[in-house]
Amino acid sequence: MQPIIIKVGGSEGIDLDALCADVASLVHDGVPLVLVHGGSAETNRVATALGHPPQFVTSPSGFTSRLTDRKAIEIFEMVYCGSVNKGIVERLQGLGINAVGLSGLDGRIWEGKRKKGLRAVENGKTRIIRDTWTGTVERVNVELLQSLMSAGYLPVLTPPGCSVDGEAINVDGDRAAARTAAALGAETLMLLSNVPGLLKDFPDEDSLIEEVPPAEFEAAMEFAQGRMRIKMLGAKEALDGGVSRVILGDARHASPVREALDGAGTVLLGG
Ligand code: ADP
């Protein structure tokens with residue numbers, strides 16, 4: 001059976017109890033799964049409390065990302081790999097699922113090049129930021145994930161990833177999940193967030209786009225703003241990598257995974 005990759009965001013409003021209950025019930029039904037999660041809202045809170053508030057940069061092509069200097073990546077690890085990851089693992093353990101929480105740094109699960117500089121647009125001018133621990137996943141340690149899964153463990157993965165030189169790098173969770181789905185030959189990638197899916201007229205939740213066939217992908221991309229653009233980019237990478245469908249679903253629901261599998265949210269189809 002092909003695995004399902006489920007990525008849950010770290011935005012406000014996400015119900016992790018409901019998510020874990022749903023994941024546990026699928027695992028009990030014998031569905032092979034990998035769970036990927038974020039932790040952005042909690043990281044912002046902790047970083048602010050520690051006196052190192054989050055900083056974001058916008059690239060020349062309009063993508064916004066977190067600026068991770070050394071201090072920021074340490075706080076990022078505390079939250080993503082610490083409180084959020086262990087919180088999810090604990091919930092799953094309580095539901096009888098033998099979950100193993102790992103970051104992309106562990107076992108080089110997500111390996112990629114560290115960016116030498118980040119191009120950021122500020123007041124119409126582009127500047128290069130060098131003090132940044134950021135990168136993109138280029139290689140997934142499929143062997144490690146498959147050996148965990150075949151031994152009956154549920155991998156619960158989170159950024160950061162691992163640079164080729166062995167440094168922690170902030171990688172985008174949606175794109176890392178997309179890479180993982182393609183590498184594991186998954187049929188379905190699910191990206192769950194705090195919106196019903198891709199909205200034609202954001203933030204109007206009644207404007208949900210239910211299905212995007214391959215020929216309409218570029219047109220659908222026009223509706224995505226801000227962080228949703230990166231989600232769509234991840235979706236495209238997964239579909240190009242052979243994943244049959246990507247579902248953008250709502251993690252605020254009582255049964256978020258089952259509902260998405262039953263057709264709620266936006267279904268993006270591969271060619
Ligand atoms: P997460 O951290 O849960 O993965 P993100 O914050 O990265 O989620 O991305 C989802 C966000 O994208 C939504 O909360 C919303 O603010 C934003 N967004 C922008 N454009 C759209 C759109 N067209 N449809 C849905 N959400 C959109």
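Where a number appears in this text, it was derived from the coordinates with a stated rule and is not lab data. From a predicted model like this one, the values you see are computed outputs, not experimental measurements. Reconstructed Cβ throughout: ideal geometry from the backbone, glycine too, with neighbour counts over all protein chains shown.
Hey, got the Cα dimensions of region 4-269 along the principal axes, in Å, largest first?
That works out to 52, 38, 34 Å along the principal axes.
What percentage of all Cα-Cα pairs in region 224-265 are separated by more than 13 Å? Kindly include the intermediate steps, with their values, before the conclusion.
Numbers: 503 of 861 pairs.
Of the Cα pairs, 58 percent sit more than 13 Å apart.
Starting from the Cα coordinates of region 139-230, work out the convex hull volume and express it per residue in Å³.
Considering the Cα atoms of region 139-230, their hull volume per residue is 140 Å³.
Report, in listed order, any pair from Lys7/Lys236; Lys7/Lys200; Lys113/Lys231; Lys200/Lys231 with a Cα-Cα distance greater than 18 Å.
Lys7/Lys200; Lys113/Lys231
Suppose only helical runs count, i.e. DSSP H with n ≥ 4. What mean residue ellipticity at 222 nm does that imply for the chain under -39500 (n - 2.57) per run, divided by all residues and rounded to the nearest 500 deg cm²/dmol?
-9500 deg cm²/dmol, from helical runs alone.
Going by how many other beta carbons lie within 10 Å of each one, how would you line up Tyr80, Tyr153, fewest first?
By the 10 Å Cβ count, ascending: Tyr153, Tyr80.
Multiply the residue separation of Glu143 and Ser61 by 0.36 nm, subtract the distance between their alpha-carbon atoms, and state the gained length in nm to one decimal.
Fully extending the segment from Glu143 to Ser61 adds 26.0 nm.
For Ser207 paired with Asn98, estimate the spin-label separation in nm (one decimal), with each label point 7 Å from Cα along the Cα-to-Cβ line.
Calculated label separation equals 4.9 nm.
Using only the alpha-carbon atoms of region 1-92, report the extent along each of the three principal axes, biggest first, to the nearest angstrom.
44, 32, 23
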